[in-house]
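Working notes for the structure below.
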């Protein structure tokens, strides 16, 4: 059974301009649900957008997985008045209905997890529903406009623990068989299954207040998932971690970066203590490649924008998890990994937002012994562990 997902994106957004590309915890908003889709039971994930910049980004950033593709969405189906169903139909026609199950994922639901996606798919694959969707069980009391209650008796107000609540569609995940979709031309139809997600996934991102709430919820979820275990990998950013963040340019381009020799010795000692070193940077710098070669760091990955998804894939290939990672980062594009890694560090001169989310604030600045200090802390931690 071929399971295909569509993530529809529109270039224009009235509430929050450029919403889909805006960074949430350092990642474009759509990357959150896309990343979870990659590590779910889906066979293919299509980003369906009218923005060619995003299509180019997908091709460059997710080359490490054959599961992700991007398709150009027509302008007619990317207007404020166009329905999501019209976009789904256009998409299905473009891929010639080459699927058995079609899954609709919404970029504005970044709290969606691979587990939510898999549970929704299982409603169709295992429980034989024609379609399924995610809902939230809320214990709020609702009212009609005429002043009458919808879901409770005002003279017998139930206690929360005695109240079944109300199931509300949260717009995160929908799935349908091809046959049901062909017959109804709707995201759900026939025998419909329900999958309950946590109540905090009900927040819709329409305003910057919503954005801030969801960003805090995401950061909190990543941090709560941390568990203590031995650190087997130290993962590092480059600019602002190995270097002080300054780059000198000539007319020919990038000229020099300054590295601290003590950091190199610290990494060598760390490797002698059976901790592998991994470098992930968004820059594609020949100078960085040369320095990492000198330091004999084989796991050096250049030009990585979505560091969180890439590190998820790295963890999968190494049969490990984020709890085995220590991470050093200094700026917003490191935030997701700062929140998720088993132990995260920030140099003394990191940006304020990183300092607020890191587990440990180093006393040394970048290019002034910050990496060496972190290496010593990790060695001491592993010995105690």
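The values are calculated or read from the model by the stated rules, or taken from the named source; none is laboratory data. As the structure is a computational prediction, the values presented were derived from the model and not from experiment. Using ideal geometry, Cβ is built from the backbone for each residue, glycine included, and neighbour counts are taken over all protein chains shown.
Looking at residue 188, is it under 30 Å from residue 17 (Cα atoms), in contact with a strand residue (DSSP E or B) (Cβ under 6 Å, 6 or more places away or on another chain), crowded, with 16+ Cβ neighbours inside 10 Å and free of Cβ contacts under 8 Å to residues at least 60 places away in the same chain? So residue 188 fits the description; yes. Residue 179 falls short on exactly one of the conditions (1) under 30 Å from residue 98 (Cβ atoms); (2) in a helix (DSSP H, G or I); (3) touching a strand residue (DSSP E or B) at 6+ places or on another chain (Cβ under 9 Å), and that condition is (3). Given the criteria out of contact with any helix residue (DSSP H, G or I) (no Cβ under 9 Å at 6 or more places or on another chain), outside any strand (DSSP E or B) and either in the same structural domain as residue 68 (by TED's automatic domain parsing) or loosely packed, with under 15 Cβ neighbours inside 10 Å (or both), does residue 145 qualify? Criteria met by residue 145. Within segment 164-176, the set of residues being surrounded by 15 or more Cβ atoms within 10 Å (Cβ to Cβ) and either touching a helix residue (DSSP H, G or I) at 6+ places or on another chain (Cβ under 7 Å) or assigned to a loop (DSSP other than H, G, I, E, B) (or both) comprises 165, 170, 172, 173, 175. Consider residue 284 carefully, then state whether it is outside the structural domain of residue 21 (by TED's automatic domain parsing), assigned to a loop (DSSP other than H, G, I, E, B) and modelled with pLDDT of 95 or more. When the stated conditions are applied, residue 284 does not pass them. All of 168, 213 fail the test of being assigned by TED's automatic domain parsing to the domain that holds residue 135 and touching a residue at least 24 places away in the same chain (Cβ under 8 Å), apart from 168. Criterion applied to 137, 186 was being within 28 Å of the chain's Cα centre (by Cα) and modelled with pLDDT under 95, and the one residue passing it is 137.
Restricting 314, 310 to residues that are out of contact with any helix residue (DSSP H, G or I) (no Cβ under 8 Å at 6 or more places or on another chain) and either under 22 Å from residue 21 (Cβ atoms) or outside the structural domain of residue 237 (by TED's automatic domain parsing) (or both) narrows the list to 310.
Taking residues in segment 270-290 that are at negative phi, and partners anywhere that are assigned to a strand (DSSP E or B) and modelled with pLDDT under 90, the pairs with Cβ atoms closer than 8 Å and at least 6 places apart or on different chains are 285/254; 286/254; 287/254; 287/256.
From the list 179, 246, the lone residue that is over 30 Å from residue 381 (Cβ atoms), in contact (Cβ under 8 Å) with a residue 12 or more places away in the chain and in the same structural domain as residue 310 (by TED's automatic domain parsing) is 246. Tell me, yes or no, whether segment 223-244 has at least one residue that is modelled with pLDDT under 95, exposed (fewer than 12 other Cβ atoms within 10 Å of the Cβ) and at positive phi. No, that holds for no residue. Residue 265 fulfils the conditions (1) surrounded by 18 or more Cβ atoms within 10 Å (Cβ to Cβ); (2) in contact with a helix residue (DSSP H, G or I) (Cβ under 9 Å, 6 or more places away or on another chain); (3) touching a residue at least 24 places away in the same chain (Cβ under 8 Å) except for a single criterion, (1). Among the residues of segment 120-142, those identified as crowded, with 18+ Cβ neighbours inside 10 Å and closer than 28 Å to residue 163 by Cα are 120, 123, 129, 131, 132, 133, 134, 135, 136. Looking at segment 270-281, can you tell me whether even one residue there is at pLDDT below 95 and surrounded by 14 or more Cβ atoms within 10 Å (Cβ to Cβ)? Yes, that holds for at least one residue. When segment 80-96 is examined, which residues are found to be touching a residue at least 12 places away in the same chain (Cβ under 8 Å) and either under 15 Å from residue 11 (Cβ atoms) or in contact with a helix residue (DSSP H, G or I) (Cβ under 6 Å, 6 or more places away or on another chain) (or both)? Scanning segment 80-96 gives 80, 87, 90. Is it the case that segment 250-258 has a residue that's touching a residue at least 24 places away in the same chain (Cβ under 8 Å) and under 30 Å from the mean Cα position of the chain (by Cα)? No - not one qualifying residue is present in segment 250-258. In summary, residue 200 fulfils each of the numbered conditions (1) more than 23 Å from the chain's Cα centre (by Cα); (2) modelled with pLDDT under 95; (3) not in a loop (DSSP other than H, G, I, E, B) with the single exception of condition (1). Checked against (1) at pLDDT 95 or above; (2) part of a loop (DSSP other than H, G, I, E, B); (3) more than 30 Å from residue 318 (Cβ to Cβ), residue 205 passes all but a single condition, namely (1).
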